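Working notes, structure below.
FYI, it's all coordinate maths here, none of it is from the lab. Everything quoted here is computed from the prediction, not taken from an experiment. All Cβ positions, even for glycine, are placed from backbone atoms using ideal geometry, and neighbour counts span all protein chains on display.
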Amino acid sequence: MLPYSLELLSDRLKGIHVPAEPFDPNGEWVHDYSIWNSARAVDAKSERLGSLKIHRKLMPNGNIRLQVTEIAGLAKSGSGVMKAGVSCKADDLCTPIQWKTDSDVLDQQGKQVDLTAISVSRKADDLKVSGLLSSNWSLFDAVQRLPFDSKTIEFTMLEELELVRPGQKLSSGATADLELGGRMVKLHSFEQIGRGILPITYWLDENHRLIIATGGRRSYLLDSVGGGKK
């Protein structure tokens, strides 16, 4: 039987292509993910909602920079676009230092809807947050660099670099042997629970490449087109 978090995506798993080549999570890389609404009813099918691209760059000062573009469908058939440039520490949680986000709404023709553009620049030092800090996008980088048997980490998460979610815990989880893209792949997982979120499971291949992140009604699947290649 599939783990519960993957059972919700059972109609999509065989279409995921897992690259066979080596992967260095500490280097520079680009990951492309498709975003899906996980099926929960009997005979229901997952629905594609949008896409996420994360580009990890190494900075001369030893920090890293994440360039993020997320596009998600809206109820009225338009789409919301969020772009972020995030300077982060190269630590276990890819701690955000400072960032700039730009968001807007596009109509069905791909044109910007009037008065929807928002630009925000912030620094972590401006936040009243104690303890370790991460963000939902930082975690896509962080889990790839953690040992599969990593001890539980407690932290505060910035959801989309805006909403403060304290009391988060990230722990090593189960393993699963699955057929993905026509071949058997062993996946390792990390489980995230915490205040203000539904549980999130991150599934990685043996090269530490993040293949699936799923939680609540939204799941991120490594795109067979982008393949997570640099």
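Worth pointing out:
- Segment 4-222 - share of DSSP beta bridges that are antiparallel (%, nearest 5): 95
- Note on segment 112-190: with charges restricted to the Cβ of Lys and Arg (+1) and Asp and Glu (-1), its dipole about the Cα centre is near 260 debye.
- Dipole of the chain, positive end: most advanced residue of V18, S130, I200 [Cβ charges, Cα centre]: S130
- Straight-distance candidates among the aspartates and glutamates for linking to K57, with alpha-carbon spacing under 13 Å and chain neighbours fewer than 8 residues away dropped: D24, E28, D141.
- For the chain, a Gaussian network of Cα nodes joined below 10 Å ranks E21, E179, E154 by mean-square fluctuation, and the top entry is E21.
- Pairs of Cα atoms nearer than 8 Å and 6+ residues apart set the relative contact order; for the chain it is 21 percent.
- Separation of the L58 and D114 label points, Cα + 7 Å toward Cβ, nm: 4.9
- Filter on K14/K53; K14/K100; K53/K186; K100/K169 - keep pairs with C-alpha separation over 30 Å: K14/K100
- Shape annotation for segment 110-230: C-alpha extents along the principal axes are 47, 41, 28 Å, from largest to smallest.
- Debye intensity ratio in log₁₀ form over the Cα atoms of segment 4-222, taken at each q of 0.09, 0.10, 0.12, 0.13 Å⁻¹: -0.36, -0.45, -0.66, -0.78
- Listed peptides 214-220, 110-116 appear in the order 214-220, 110-116 once ranked by packing, highest mean of other Cβ atoms within 10 Å at the front.
- A helix-only calculation puts the chain at -1500 deg cm²/dmol for mean residue ellipticity at 222 nm, using -39500 (n - 2.57) for each DSSP H run of at least four residues, averaged over all residues.
- Inter-label distance, nm, simple model (7 Å from Cα along the C-beta direction), S172/T69: 3.7
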